[in-house]
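The values are calculated or read from the model by the stated rules, or taken from the named source; none is laboratory data. Just so you know, these numbers come straight off a predicted model, no measurement behind them. Because the Cβ atoms are built from the backbone with ideal geometry, glycine has one as well, and the counts that use them run over all protein chains shown. Side chains are part of the model used for accessible areas, which takes the heavy atoms of the whole protein and leaves out ligands, DNA and RNA. Shrake-Rupley method; radii C 1.70, N 1.55, O 1.52, S 1.80 Å.
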Amino acid sequence: MKNSELEGSSEESDSDDNISKSLSNLILKRVKPVNRPSTWEFEFDQDLSQGQLQHLLDTNPQKFKHCKLVMQSFDLAYAKPLSDPAFHISVRGRQNMGRSFPGDEVCIEIFQDEECPLKKDILSGKVVGVIKRDERHSMFLCKMVGQSPQIVTPINKCMPRIRTIQTEPDRIEVREEEHGRWIQKEFEEIRNNQLLAVKILKWKQHCHYPLGVVTKVFTSDIETSHEWLDFEYDLTDEPPSYKAEQPKQDDVKRDDLRKYITFTIDPPEAEDLDDAISVTDMGGTYEIAIHITDVASYVTKDSEEDKFARQRGETFYRPKSEPAYMFSRDLSSNHLSLLPGKDRNAISLLTIIEKKNNMMISKRFTLSLIRSDKRMSLEEADMVIQEYCLNSERPLKFSTVEECLVVAYRFSEIHRRSRLDGKWGAGQQIRQSRSHCMVEELMNFYNSAVAEYLISSDLTRDLTPLRCQSQPDPEQLQQFKERHSALIPLSIRLSHLYDESEERKNDKQDDKKHAHMPFVISTTVLERMESCARSRDHYTLMKLIASDEIHPTLWLMSKEFQHIQGKAVILRSCSTPVSKLGHYSLQLDSYTWASSPMRRYLDLILQRLLHLVLCEKKSEEDGYKQSEINQFCESGMEQFDRVNEYNLQVWNLTTGIKHGILTKLAVVDKIYPNRHDFKISFPQKSVSRELSIMYRHLKLAEQPHYNDEEHSVTLCWKRRIYSFKVSGKTVIPKWSSKNVTFVSTDTWKQMISATEKNDWYEIEKCLEDMKACTKKNVKELKDIQQEHFKELKPKLKVGDVLEVQLSAEGHLGQLSVQLLNISPEFEVCLEHTRNPTKCFSEAVPQPTKKYYHDCREYQMIWRQLCQMDTAHNAVEENNSIILEDVRIEWTNKGNLKGSFKITQTLKKQWSLEFDLMKCFLCIRLRDQNMEQESEDSTDERGLENSDLQDSVPFTWVAHGVTIKPKKEKMDEDAKKSPNLMHIKFKICQRPMEYIPSMIFKKDTVFTVEVIPKKIPYLLREQAVANLKRANHLVKSIATGELNVVKSDEKDPEHFVEDEVQNENVGPLTLNKSQKEAVEEALKNPFTLIQGPPGTNRNIVGVHLVYQFYLKNRLFENLRSEEGGLGQNTTSKEKPKKCGILYCGPSNKSVDIVAEQLMKLKGDLKPLRVYCEQMEMREFPYPGSDMKLCRRTFRDKPKKELRSITLMYLIRKPENSLSNKIKDFENKFKGEEYNDGDIESYRALLKEAREEEMRKHNVILCTCSLALNPSFIKTMDFRQILIDECAMATEPEALIPLVSHNPEKIVLLGDHKQIRPIVECAPVKRLGMQESLFERYMDKALMLDTQYRMHEGICEFPSVEFYDGKLMTHKRRRPCLLLKQNKDPTPILFGHVQGEEVSLIVSTTEGNENSTANPEEAKQAVRIAGLLIKHSVPPESIAILTPYNAQVSKINQTLKAEGIENVNVCTIMKSQGSEWPYVILSTVRSCSQDELGIQLNPSKGWLGKRLGFITDRNQVNVAITRAQDGLCILGNRHLLRFSELWGKLLKHYEKHDCVVDPAKNIQVQNPITEQE
């Protein structure tokens, strides 16, 4: 294969919304035999060569900068000039990043020719070319998009998706490099939770995605985490073995310090001991020596060991595995690690202190030889220090290691107070023990001394890497102080910011503002404080009080202060003004990293610089250039960030969630107006990052209401909650938490004062006051009691404390909120609302197929997809019921199966009007505690793992599904206990393996959230299950084996179409394509008829119904003559009525045909049957309202069809049971009834319906209703027609087919219009959105003549969607819309630069993300008003939009303008309808600024900004509803980014039919036309 062939494999345009699988497979087959040489892999396909880029940098250095690119997301980055790393250039938009990768060295062009300033002013720019790329930067760890390895997403969110070379659709192709070629190695099966190692080969211009190959497949679990983490962080190589050599001799003699008492303090398992401490008595003074192992004396610059250490950067501590070290274990243990009894080279800082006043007399650095006397653990050192603290008045002693440790501790405490200006309790972290704080302080002292020493030497004055942090911006600091003026006095750490004079000025208003503000303390912290008081542990008490990060009230302020301090950076000394500012938070004039040379490469650089100064070496080979130091500073920061990211992932995978869940107290961090989520963060940094809680996962009943004045949001839940203990409904307590205590701010201030004075009497008094504080409700929480529902309305503010339970989800164990506890007795499970298919379905789904081997394969695939779809839609319905105090009997403790009991009496009392045997369950057990485990309290780096929230109880959660027992067992149980129901279930998913012992105890009571399965989705599952009982025709259609189906009829006689007559307009004549379609349907057992917009598909359906009716009448006459042939004559049951079933996926699709059939002349008797829920709305009875779901209210029975509608006919005198029905209904109105009356009434309705059905020969209903048992009992449907079949999912279309025994099946629809609505994304991706009609579309007969649209309206959809085959029957009258030149036109596009407003959660107003555009609504109503003024009836005008929220906004605007009777609906609901004039509001818009930077937007951006307005099927429907005039409103600049809308706009522009702005749109007067 030639090189160009592989290059071509990534040249296909990714701008198209749908990736062509066939094209990709063709490309991959071409790639498979041969691969590119490895040299090609690192070539940069870019416009400018390396020489041209260098020329730009040399000739115009102010405009072009050589930078390192740091990506923050895939479309946001900043560039750091190598000459000034402290300065950042913003790069926004993927098009401005080019095809660069994270970490690339690039040439940046600064916009607007601005000169690079010296300060922090941020400029913007773009990447014009890649200068240098590390080979490692082309390797990425990825996860698959869906279940396909062809498109993968890097877990590093800074990269776009990658297209990989795959030759098989259902397996992962893994390749390996061999002799410069990437050859096929193996195939891996696709499984859940897989991660792919991907090597990028090429990224061609104009392609969204780069092209790569999969090199390895990982499983993303804790057991294999070290493997994929090693790949992601390039930790696969081991350090090179050390070649034993004598260290080169130093120019100065080493000081022999081996006689000094020397010790190390490290965790027991640590191997790299790189620091030690010595203490020596010198009479009136003493000397403290801090020794750091001299790695530089063994690892020479540019040696093999040095190169490896430079690349690794730092030691990485793997989860449950040996760390990824910088140096070999031989070098560490035999030469570097400061092990007891071993002579070691060190660089020591010797400090002399006067005993009397603790004054520092002198300090100096020296190259030394030391020997450690003892290795101490942190715990051992703490015990020694604790004993000293109990008797701190004892004189200093220097005879033993323990005594020297005490001296060192005392020095560290004195130095800390001095460094922090005597601030009490500052500078210590709650997790740090005394020994840890001591070591940290001594290392700070050492590192600061190294920085001072090096920058004072001429040799290293401008070569020293410094860790710098500038002071907060004065303006930001002042705003911070004003914002938190009431809280700052409550914080010891920030008390230095407290301005008493300013406070006195604002005393009065602050007192009013914060008079009732409580101070929130974690109950665990309060208990720990009480323990400290009992043991007189002042040190720990001080840390508890001084640690702002553990107190919810102070946490956000502390976090904000950290933010305004800014991030510390590593800069070369004298390189920028920032490099001279010192380190603000440490309060040091200069600071660097030099104390961990075995674990951090930058520290080794500092050691070499120390050698340079101590030995006074001046040769270049021993030193570094400024450019080298700049690179080391840059790489040091990168390594620091990488290690932090790595540690975060390790924490998530291991220590973060030991048993699968983690319960924490969180603080509401951010609440935004008009956002879909709020943020929470965690005091004590017990969880290291903010987490987002989506409002939609809370399953709220109303939109969250944001209050601008209070900066709060009100949430609303409506729940049915019943208790087995309490008669009737449970009582929901106020919003509170037993895990926090609210105390007054005055009490807290007194506590601070008492602790400062070490006044134990006052301390105990304050603690008693705190303990006495009731956990009162400080928040407004409305609990509105209704008949069955409870409405809870808590108000959420920033700073509020919430109790949340976390679980690890996804590929990498990221933490997410599992439970949100609103009160001790009410919580919301976000896990099953976020991922219902995972929680309630055990399915391992496979994609759908066109052909199936047999019915079993069909059922296996579709059963699992239907189960997932059922789970998703059951949860989305938000109709769950919570049962409290449920006793569960576990029958299988291994697989967790069980049951609970409920009486029929309670079921009726609680109006549980659904099948409890067909539900999902979320089972919860509150207030559980982990059994104690013996674990080490420290990790490898000496940090304590103690968490003040570890003792917060958790809620055990399991998700299950009810199981219907065998009929024999049900009958047996019913005989034993007629009033008792046994609800059996099995557990499908639980987030934690750990099972508390309380679970299986007899008296344990659980909370069970019952989520009823929705009947339409149950019917789909049932249809798939019943396929095995379907007739041969239906089975053949399902499996795709239609070749075995042959017509057994002779060609029919030519039908007379004039027989079909409308009572108003006479004969319903057919055109040629319509007549051919009818003839084919009469001749064949299975027919598809495609009816594009306006082709009168319903007329074809009416003709077919009439012809089938004639056939059935003939059949019944013959059957009657033959004495009921084919019926069971011995049975007492009445014979089934021969009839036709006419179905559709929606009520509207059926109503349209029902209206036509109702108007036919002759004895055809159609019957329109609606679902029972719609009948309950029209004719309610006691308890029926509990059966209604949210979506029931969106449809109503059509008034015009009442004369043929079943629910009305059974109440007419012609039905023999109508009087009895009315008697019951009158009894219900008078409320003189009992439970038996309701059951009798329902049985009577069933009998009346069956009587009425036998009078009719055409039944019209939705597909879901076709499984009605009354249909099966009374009707023999020989023909089934499904209209709008392209809108029905395949299982939905199967319901009528498998429920009956049809001889002929006709599917009518148009797969180019609205497709099936599938809300479950995984199921949609696997093929559920492809209808049965679309699957067989190649067999469809297309109706080719439309009667609706003006030819000008039809022109574009005909070409775009129907290959120009859709013809217009006749010219329509001229349109009233006017172009800008005042010529009339049937089509018009008006540009509107509006703003979007989105709904937050799904309610009756619309679904989540449903969007409104007030300006477009205003223009749509204005144009409708113009049409009405020019004599167009309001009923002839429709305003369509994709979003329910815009429907609401338009209706509001119409009402405000006093306009009535204009039709307003969504595009989805408009299918099948037509109006003379249609105004289409596309809604979506964004600012010109954002559009200006989108030259080649990503699919993610397009999806976010355009949504489903780009859906081809919806667009087709939207632009084909109008008869005379179509006016589209939208943001043309945004819409143009869509390929489809770009074509439409081009078409409209070609005809001069674009008006910008839309407010200039005018309408002509019809009188002008006539003249």
Right, residue 1565: in contact with a His (Cβ under 7 Å, 6 or more places away or on another chain) and at pLDDT below 80 or not? yes
Considering residues of the stretch 761-781 that are surrounded by 14 or more Cβ atoms within 10 Å (Cβ to Cβ) and of a type in the set (A, V, I, L, M) only, the residue modelled with the lowest pLDDT: 778
Take the residues in the stretch 71-93 that are within 22 Å of residue 470 (Cα to Cα) and part of a loop (DSSP other than H, G, I, E, B); name whichever of them is least open to solvent (accessible area, probe 1.4 Å). 87
For a quick check of your reading of the model, give me the residue pairs whose first member lies in the stretch 388-412 and is within 27 Å of residue 448 (Cα to Cα) and open to solvent by less than 30 Å² (accessible area, probe 1.4 Å), whose second is assigned to a loop (DSSP other than H, G, I, E, B) and of a type in the set (Phe, Trp, Tyr), with beta-carbon atoms closer than 9 Å and at least 6 apart or on different chains. 404/260; 404/398; 407/398
If the Cβ limit is 6 Å and pairs must be 6+ apart or interchain, which residue in the stretch 906-919 that is within 16 Å of residue 1011 (Cβ to Cβ) and open to solvent by less than 70 Å² (accessible area, probe 1.4 Å) pairs with which residue that is part of a loop (DSSP other than H, G, I, E, B) and of a type in the set (S, T, N, Q)? none
Of all residues in the stretch 577-602, count the ones that are surrounded by 22 or more Cβ atoms within 10 Å (Cβ to Cβ) and of a type in the set (Val, Ile, Thr). 1
Just checking, does the stretch 136-144 include any residue being within 34 Å of the chain's Cα centre (by Cα), at pLDDT below 85 and surrounded by 14 or more Cβ atoms within 10 Å (Cβ to Cβ)? yes
Read through the list (1) buried (at least 19 other Cβ atoms within 10 Å of the Cβ); (2) at positive phi; (3) modelled with pLDDT under 85, then give the number of the only condition that residue 616 fails. (1)
Name every residue in the stretch 524-538 that is open to solvent by less than 20 Å² (accessible area, probe 1.4 Å) and touching a residue at least 40 places away in the same chain (Cβ under 8 Å), in order of residue number. 525, 526, 529, 533
Could you look through the stretch 1330-1358, keep only residues that are part of a loop (DSSP other than H, G, I, E, B) and acidic (Asp, Glu), and pick out the one that is surrounded by the most Cβ atoms within 10 Å (Cβ to Cβ)? 1330
Across the stretch 1524-1569, the tally of residues that are of a type in the set (Ser, Thr, Tyr) and either in contact with a Phe, Trp or Tyr (Cβ under 8 Å, 6 or more places away or on another chain) or open to solvent by less than 50 Å² (accessible area, probe 1.4 Å) (or both) stands at 2
Report, by residue number, each residue of the stretch 334-384 that is open to solvent by 50 Å² or more (accessible area, probe 1.4 Å), under 24 Å from residue 256 (Cβ atoms) and within 51 Å of the chain's Cα centre (by Cα). 334, 375
Residue 191 passes all but one of (1) open to solvent by less than 80 Å² (accessible area, probe 1.4 Å); (2) out of contact with any Asp or Glu (no Cβ under 6 Å at 6 or more places or on another chain); (3) under 18 Å from residue 154 (Cα atoms); which number fails? (1)
The condition from (1) among the basic types (Lys, Arg); (2) assigned to a strand (DSSP E or B); (3) crowded, with 19+ Cβ neighbours inside 10 Å; (4) at pLDDT 90 or above that residue 664 misses is numbered (4)
Among the residues of the stretch 1492-1512, is there at least one that is part of a loop (DSSP other than H, G, I, E, B), among the β-branched types (Val, Ile, Thr) and modelled with pLDDT under 95? yes
Single residue of the stretch 1433-1471 satisfying the filter (in a helix (DSSP H, G or I) and either touching a Gly at 6+ places or on another chain (Cβ under 6 Å) or among the aliphatic types (A, V, I, L, M) (or both)) that is most open to solvent (accessible area, probe 1.4 Å): 1456
So which of 784, 752 is more than 30 Å from residue 196 (Cα to Cα) and either of a type in the set (Asp, Glu) or modelled with pLDDT of 80 or more (or both)? 752
Looking only at the stretch 296-305, how many residues end up being touching a residue at least 40 places away in the same chain (Cβ under 8 Å) and either assigned to a strand (DSSP E or B) or surrounded by fewer than 23 Cβ atoms within 10 Å (Cβ to Cβ) (or both)? 6
Result of the Cβ filter at 8 Å on the stretch 268-295, keeping first residues that are within 17 Å of residue 371 (Cα to Cα) and partners that are surrounded by fewer than 19 Cβ atoms within 10 Å (Cβ to Cβ) and of a type in the set (Val, Ile, Thr), at least 6 apart or interchain, is 287/352
Hits in the stretch 145-173 - residues which are charged (D, E, K, R) and within 28 Å of the chain's Cα centre (by Cα): 157, 161, 163, 170, 171
Where in the stretch 884-929 are the strands (runs of 3 or more DSSP E), entirely inside, with at least 2 residues that are touching a helix residue (DSSP H, G or I) at 6+ places or on another chain (Cβ under 9 Å)? 919-928
Taking the residues in the stretch 201-218 that are of a type in the set (Val, Ile, Thr) and out of contact with any Phe, Trp or Tyr (no Cβ under 7 Å at 6 or more places or on another chain) as candidates, determine which candidate is surrounded by the most Cβ atoms within 10 Å (Cβ to Cβ). 214
Taking the stretch 1293-1332 as the search range and keeping residues that are touching a strand residue (DSSP E or B) at 6+ places or on another chain (Cβ under 9 Å) and among the acidic types (Asp, Glu), which one is farthest from residue 837 (Cα to Cα)? 1303
Exactly one of these conditions fails for residue 1543: (1) touching a Lys or Arg at 6+ places or on another chain (Cβ under 9 Å); (2) assigned to a helix (DSSP H, G or I); (3) of a type in the set (D, E, K, R). Give me its number. (1)
